[in-house]
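Participant: Below is the structure I would like to discuss, written out as structure tokens.
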Amino acid sequence: MTDTSEPGAPTSGAKTPSAPQRAPAPIAWADAAPLALAGRPRRVIPLVVGFEVIAEAISVAGGSSFRHLMEPVTAAAVVFDEGWVLVDGGFDPARIRHRSLRVTSFDYENYAPVVPAGDPLVDQVAAAGLAWSDLAAAAVSHAHFDHTGAGRMLRPDQPLLIQRREWEHALAVTQPRAHFLFLDDLVRSNVQPVLLDGDTRIAEGFDALDTAGHTPGHQSFSIDLEERTIVLACDAADLRVNIEKIIPCGSTAGPDAARQAEASIRRLHELDALPDTEVWPGHDPEWGPWREVIDAQS
Ligand SMILES: [Zn+2]
């Protein structure tokens with residue numbers, strides 16, 4: 001893993017994101033080429049790629065609409081004996097740095113995206129000693145714009161793994177803004193979507209878990225390491241309190257979403273109770289692995 005070249009133009013302002021053009025048609029997981037991974041997952045590298053202001057009631061059903069939290073935008077690298085997979089990818093920093101893009105992208109009352117200096121995703125991947133040329137795939141928990149920014153980094157042979165229900169939902173909505181979607185992050189010439197249907201074994205020791213509710217095709221990820229299992233809840237549980245007290249996320253979308261969110265948080269709570277299993281909340285500023293990343297930056 002010596003090649004640290006950075007494909008794409010991650011912070012090139014107006015160049016990214018471009019209008020959708022000749023984007024590859026999605027293919028089903030069963031029809032996709034095997035991922036360029038060998039062996040087992042050996043490490044999960046936590047990444048903090050931004051921050052955002054979120055009302056507590058968005059993260060926690062029944063929470064305060066008054067209290068606002070500065071939540072980390074997180075991602076993770078799942079590193080195998082050979083190759084690695086990126087889980088989620090934060091914002092495309094170009095959307096923050098480019099004034100008109102920023103204004104049009106984040107026109108929401110009481111919302112503020114933050115991307116610290118540099119390119120946190122690129123910088124932290126490099127600091128971990130990983131090469132983008134060894135990236136086998138990128139998996140996104142769901143299509144909200146604080147998760148899809150890594151599309152800019154992908155080559156067509158590094159597929160984007162997303163649940164079919166999420167993909168179809170994202171493309172079907174008539175008002176992407178109301179659903180916090182940047183379709184340009186997903187539908188682009190360099191991104192090959194591969195569609196998963198519910199629980200899916202992505203690779204030995206690495207599973208996608210159906211945790212719908214926050215969005216119609218939300219997925220979490222389970223990674224079996226030698227000494228423990230890590231479950232990345234992503235936005236099925238923004239905070240640890242969701243997992244510990246079995247409180248679903250406060251923001252849901254789709255038919256039957258409230259019931260699905262309830263079932264998903266119960267599933268995550270039960271996984272968290274298994275021996276040697278940790279469920280990591282997606283946006284908790286106090287969760288140790290994210291805190292350590294934040295504290296390590298200057
Ligand atoms: Zn999120």
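All of the numbers you see were taken from the coordinates with simple rules; none came from a lab. Here the structure is a predicted model, which means the values were calculated and not measured. Heads up, the Cβs are rebuilt from the backbone with ideal geometry, glycines too, and the neighbour counts pull from every protein chain shown.
Participant: If I filter the range 217-228 down to residues being in contact with a strand residue (DSSP E or B) (Cβ under 6 Å, 6 or more places away or on another chain) and buried (at least 24 other Cβ atoms within 10 Å of the Cβ), which single residue comes out as farthest from residue 262 (Cα to Cα)?
Facilitator: Going through the qualifying residues, I end up with 223.
Participant: Just one of the numbered conditions (1) hydroxyl-bearing (Ser, Thr, Tyr); (2) more than 13 Å from the ligand (Cβ to nearest atom); (3) in a strand (DSSP E or B) is not true of residue 264; which one?
Facilitator: Every listed condition holds for residue 264 apart from (3).
To keep it simple, each residue is scored yes or no on (1) more than 25 Å from residue 273 (Cα to Cα); (2) surrounded by fewer than 17 Cβ atoms within 10 Å (Cβ to Cβ); (3) among the acidic types (Asp, Glu).
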{"site": "185", "(1), (2), (3)": "yes, no, yes"}
{"site": "202", "(1), (2), (3)": "no, no, no"}
{"site": "208", "(1), (2), (3)": "no, no, no"}
{"site": "215", "(1), (2), (3)": "no, no, no"}
{"site": "230", "(1), (2), (3)": "no, no, no"}
{"site": "240", "(1), (2), (3)": "no, no, no"}
{"site": "244", "(1), (2), (3)": "no, yes, yes"}
{"site": "252", "(1), (2), (3)": "no, no, no"}
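Participant: Here's something else I'd like to know. Pull up the range 255-268, narrow it to residues that are over 20 Å from the mean Cα position of the chain (by Cα) and on the phi < 0 side of the Ramachandran plot, then point me to the one that is surrounded by the fewest Cβ atoms within 10 Å (Cβ to Cβ). Please lay out each step first, then the result.
Facilitator: Filtering the range 255-268 for residues over 20 Å from the mean Cα position of the chain (by Cα) gives 255-256, 258-259, 262-263, 266.
From what is left, the residues that are on the phi < 0 side of the Ramachandran plot are 255, 258-259, 262-263, 266.
On the way: 255: 7, 258: 12, 259: 13, 262: 16, 263: 17, 266: 12.
Selected residue: 255.
Participant: Return yes when residue 252 is under 21 Å from the mean Cα position of the chain (by Cα) and away from the ligand (no atom under 16 Å from the Cβ) and no when it is not. So that I can check it myself, show each step before the final result.
Facilitator: On the way: under 21 Å from the mean Cα position of the chain (by Cα): yes; away from the ligand (no atom under 16 Å from the Cβ): no.
The answer is no for residue 252.
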